[in-house]
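Below is one structure; the comments refer to it alone.
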Amino acid sequence: MIIKLVVRECTLNVISAYVPHVGLDEEVKRCFWEGLDEIVRQVPPVEKLFIGGNFNGHIGSTTGGYGEVHGGFGFGERNRGGTSLLDFAKAFGLVIENSSFRKREGHLVTFQNAMAKTQIDYLLLRRCDRGSCKDCKVIPGEILATQHRLLMMDIGIMLKRRKGLLEEDRESGGEL
């Protein structure tokens, strides 16, 4: 799913993704990645791009050859699904933001049940927009579904003030 928001001169594209789970056929997963690839290619480079979702993979706690997309602060051990996500991020010039901030375990683990704690939910944005992300973490007390935890990202986006609005505000006595 993609949502496009236009705020003045800034266009934000927010994509929600859900990778088929580990037990499914590789063909199903291939179709998912091809579909996401097609959606991302349609977003012009001048527009903001945010991708979030359950990627059903583990990127691991270290960069391991993916320093341009993995911030070095992930959780657990990398698996095949995590490598797929890292390769995707690398191909599109994205960074996995919830690996970019040093956090304690409770702010990294996105999925927990009686058997395991893992990080399978991720938030990505374009590498060139990396500086706009002020923080990215799990809110430990917030449970989205039975086992998933709320993952949030604080973004700061600078919007240019339009000259016409400034003049209108001054004429009407409005404050800036």
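Do you know the Lys pair count in the chain for C-alpha distances under 16 Å, with sequence separation 8 or more or different chains?
7
Which of these, R41, R127, R149, has the largest mean-square fluctuation under a Gaussian network model of the chain (Cα springs below 10 Å)?
Answer for the Gaussian network model of the chain: R41.
Sort out for me the Cα centre separation of segment 94-143 from segment 23-48, rounded to whole Å.
Their Cα centres are 21 Å away from one another.
Skipping prolines and chain starts, which residues have an amide H placed within reach, meaning under 5 Å, of the one on L123, given they are 5 or more residues away or on another chain?
For L123, the qualifying residues are E97, N98.
D37 accessible area, nearest 10 Å², 1.4 Å probe?
40 Å²
Show the residues, 5+ positions off or on another chain, whose built amide H is closer than 5 Å to the amide H of I155.
HN-HN under 5 Å from I155: K134.
Calculate one ³J(HN,Hα) per residue across segment 82-90 by plugging θ = phi - 60° into the Karplus curve 6.51 cos²θ - 1.76 cosθ + 1.60, and present them in order as whole Hz with x for glycine and proline.
x, 5, 4, 5, 4, 5, 4, 4, 4
Treat each spin label as a single point 7 Å out from the Cα along the C-beta direction, and report the I139 to E9 distance in nm.
Result for the modelled spin labels: 3.3 nm.
How much length is gained on full extension from M1 to E105, taking 0.36 nm per residue of separation minus their Cα-Cα distance?
Full extension of this stretch gives 34.5 nm more.
Could you order S99, S132 so the one with the most accessible surface comes first? Probe is 1.4 Å.
Sorted descending by solvent-accessible area, the residues read S132, S99.
With a cut-off of 8 Å between alpha carbons and a minimum separation of six or more residues, what is the relative contact order of segment 42-102 in percent?
In percent, rounded to a whole number, it is 34.
Considering only protein heavy atoms, what is the solvent-accessible area of H21 at a probe of 1.4 Å, reported in Å² to the nearest 10?
Probe radius 1.4 Å; accessible area of H21 about 90 Å².
For the chain, give the share of DSSP beta bridges that are antiparallel, in percent and rounded to the nearest 5; count only bridges with both residues there.
75 percent
What are the residues whose amide H is under 5 Å from the amide H of G74, where those residues sit 5 or more places off or on another chain and H is modelled from the backbone?
T62
Given a 10 angstrom Cα cut-off, can you work out which residue in E68, E47, E26 is the most mobile in a GNM of the chain?
Residue with maximal mean-square fluctuation among E68, E47, E26: E26.
The values are calculated or read from the model by the stated rules, or taken from the named source; none is laboratory data. Bear in mind that the values here come from a model prediction, so they are computed numbers and not experimental data. Don't worry about glycine lacking a Cβ; one is built from the backbone with ideal geometry, like all the others, and counts go over all protein chains shown. Note: accessible area is taken over every heavy atom of the protein model, side chains too, but ligands, DNA and RNA are not part of it. Shrake-Rupley method; radii C 1.70, N 1.55, O 1.52, S 1.80 Å.
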